[in-house]
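The values are calculated or read from the model by the stated rules, or taken from the named source; none is laboratory data. The structure displayed is predicted, hence computed values, not measured ones. A quick note on method: Cβ atoms are made from the backbone with ideal geometry, for glycine too, and the neighbour counts reach across all protein chains shown. Calculation scope for accessible area: heavy atoms of the full protein, side chains included, ligands and nucleic acids excluded. Shrake-Rupley method; radii C 1.70, N 1.55, O 1.52, S 1.80 Å.
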Amino acid sequence: MSLVGDRRVDPGLSRNRPRGNVGVLRIAVVVLFVVLGARLAQMQLVDGAEYAERSERNRIVVESVSPTRGLIYDRKGQPLVTNSGSFAAMITPSFLPESPTDRYRLYLYLEDLLGVPALQIEEAVTAAEDRGQRDLPVPIARALDRPVALMLQQVAADLPGVTLSVEPRRDYPGGAEFSHILGYVGPQSPDEWRVLQEDGYAFNEAVGKVGVEARYEAILRGVPGRAIREVDAFGDLVTTIESTEPEGGQGVLLSIDSDLQRYVYELLTNTMGEATTAAAVVMSPVTGEVYAIVSVPTYDNNIFSLPDPGEEYQRLLDDPRIPLLHQALSPVAPGSTFKIITAAAALEEGNITRYTQRNVDSTVLEFIGEDGQPYYFYDWRVHGELDLIGAISWSSNIYFYMASCGIPGEGIDGLGANIEQSAIVLGYYARSFGLGQVTGLDIASTESSGVIPSPEWKRRVRSGPLFNPEDRDWYLADTCFMGIGQGDVTATPLQIAVATAAIANGGDLLKPYVTRQVLAADGSVVSTTEPTRERVPVDEQHLAVIRQGMRQSVIDGAASRAALPDLLVAGKTGTAEFVDPEDGVTKERAWFTGFAPYHNPQVVVTVFYDLGVGGTKAAPIAADIIGFFMENVAP
């Protein structure tokens, strides 16, 4: 061993050092740097523009994460809706190729894959760009079959701007009989989105359109989550920067009894006869909660979950029976069901009493009015001597002409000092019983207020060039026909049910409702609907007289077919005449409204058919409904 400086050097070790490997390593390092330098030069000098463009097109996107929509239950806790998912093909215009040729080549590929015409895809993209929504995904195909969805998922990475999305889907297993209550959800229109985006809605987020789905949208929707993501030039995810989980929507427990709703729907459907539409309302005269509300015909709200409901929807629009119209919320002449209101007004105003007599010995009443013109008023039968109880029981038209407009030729005054004043007084009581205004039922459907006419109303609505000056005058006949629920008077089956409930319960005008409770995700009660009531301006003793007349009508009067063997039912029939515009023939609409049990009312039932006689068509159906309710639903 030798010494070099201060180090000892082993000659053997010096001879065995691999000097050639160091040279190879040096060469490899040099080559690597040359390759890296060349690649860097290529990226900067050759491909620099492309990478710069991609870098500029990388962006941060903020996406709304839809929550699970809350469920809707019937009064027994049975779910009436379910949630599921469906695949949708989405396209984001801002990520599409700039070249029109490349774009259309992409549309053609999607046409082959999805079966959606390329022109239709192009129109959807153009419409989104015209709305200034280039950065929002646009659905181009919904409810994709699973094999198609999987295929799209495999190729989406190579299709700029195209993504596969899982959309929430709402299903309605209860059947068409619930459609007018529940409504449905659907995509937002551009006009809706302009408003809803302020509440944090994504453009493609489904919203309640009608029914409970729309009325309780804010409750059912829940709280959306949020995801902040970086995406590349193709729209593919680079990284998730931040995310918050959504909160599911709250549930809604309805007052509707599913079994009763189905029973009433099937009963009406199977007894239509020549009628084309029908409706029924079953409600509590104690709380105002609605146990069943049926409209015939109806529609299947599941069609709005189809990929393209256009054809089915158009079929509904073309149906002359108007299935989308809620018949229980649509006004027609109430006929003699209105007489319970006329009786209340006459008793309260004092122009008749419980014992006021009238001998209806003819079906025709003739007298000269204040205007000097002869008037002829008709009854449906000769009744003989009647007091108010008998007049309600047998639904005498002539008696209620006397009670409302009076009989000027005999010196009998009506409700007011003259024919116009009598109409104004009667209109006041009609509105006090809830007619002429919407009930406020918590179903977001088109509910009409109906019409309670007045002299001022007639002058206003008939002031146009289509009417003669005399068409604007108020005549004795206007008041008389108003008193029996004919002429220009219109009301909905729900309004008549609400008015009947006020008679039954002794004077409380209740606001009807279908939602009993709002439920948290764990099933606990968030809130409970409290009954809302106002007092009608009629003494309870007068209402008791009307109830007696309605009870007598079922015992041996016009409503006798509403009788049940072991239950005291009270009711009032109605047969409203109208002229069919198609053939000019006078026809009749069938009504019945009543309550039971007589001494302790628990249910009000109102039934309507657009063709038929109240006593023979509507009354027995109402009896069946009352019987089913008392046996299966009554507390």
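Details
- Total residues in region 437-464 satisfying the condition of being part of a loop (DSSP other than H, G, I, E, B), under 30 Å from residue 208 (Cβ atoms) and in contact (Cβ under 8 Å) with a residue 12 or more places away in the chain: the figure is 12.
- Condition met for residue 172 (among the hydroxyl-bearing types (Ser, Thr, Tyr), under 20 Å from the mean Cα position of the chain (by Cα) and open to solvent by less than 30 Å² (accessible area, probe 1.4 Å)): yes
- Subset of region 120-158 that is under 16 Å from residue 106 (Cα atoms) and of a type in the set (D, E, K, R) - its residue that is surrounded by the most Cβ atoms within 10 Å (Cβ to Cβ): 122
- Some residue of region 333-344 being closer than 26 Å to residue 452 by Cα, more than 39 Å from the chain's Cα centre (by Cα) and among the aliphatic types (A, V, I, L, M): no
Residues are listed down the side, and each one gets a yes or a no for (1) within 30 Å of residue 517 (Cα to Cα); (2) at pLDDT 90 or above; (3) in contact with a strand residue (DSSP E or B) (Cβ under 7 Å, 6 or more places away or on another chain):
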residue: 85; (1), (2), (3): yes, no, yes
residue: 91; (1), (2), (3): no, yes, yes
residue: 94; (1), (2), (3): no, no, no
residue: 104; (1), (2), (3): no, yes, no
residue: 107; (1), (2), (3): no, yes, no
residue: 134; (1), (2), (3): no, no, no
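- Scanning region 392-434 for residues that are of a type in the set (A, V, I, L, M), modelled with pLDDT under 95 and open to solvent by less than 20 Å² (accessible area, probe 1.4 Å) yields a total of 1.
- Count - residues of region 542-563 that are open to solvent by less than 30 Å² (accessible area, probe 1.4 Å) and of a type in the set (S, T, N, Q): 1
- Strands (runs of 3 or more DSSP E) contained entirely in region 251-369, each with at least 1 residues that are among the polar types (S, T, N, Q) and surrounded by 22 or more Cβ atoms within 10 Å (Cβ to Cβ): 290-296
- Tallying residues that are open to solvent by 70 Å² or more (accessible area, probe 1.4 Å), touching a Leu at 6+ places or on another chain (Cβ under 9 Å) and modelled with pLDDT of 95 or more within region 435-474 yields 1.
- Candidates in region 503-529 are the residues that are open to solvent by 10 Å² or more (accessible area, probe 1.4 Å) and in contact with an Asp or Glu (Cβ under 9 Å, 6 or more places away or on another chain); of these, the one that is farthest from residue 547 (Cα to Cα) is 521.
- All of 624, 566 fail the test of being at pLDDT below 95 and open to solvent by 10 Å² or more (accessible area, probe 1.4 Å), apart from 566.
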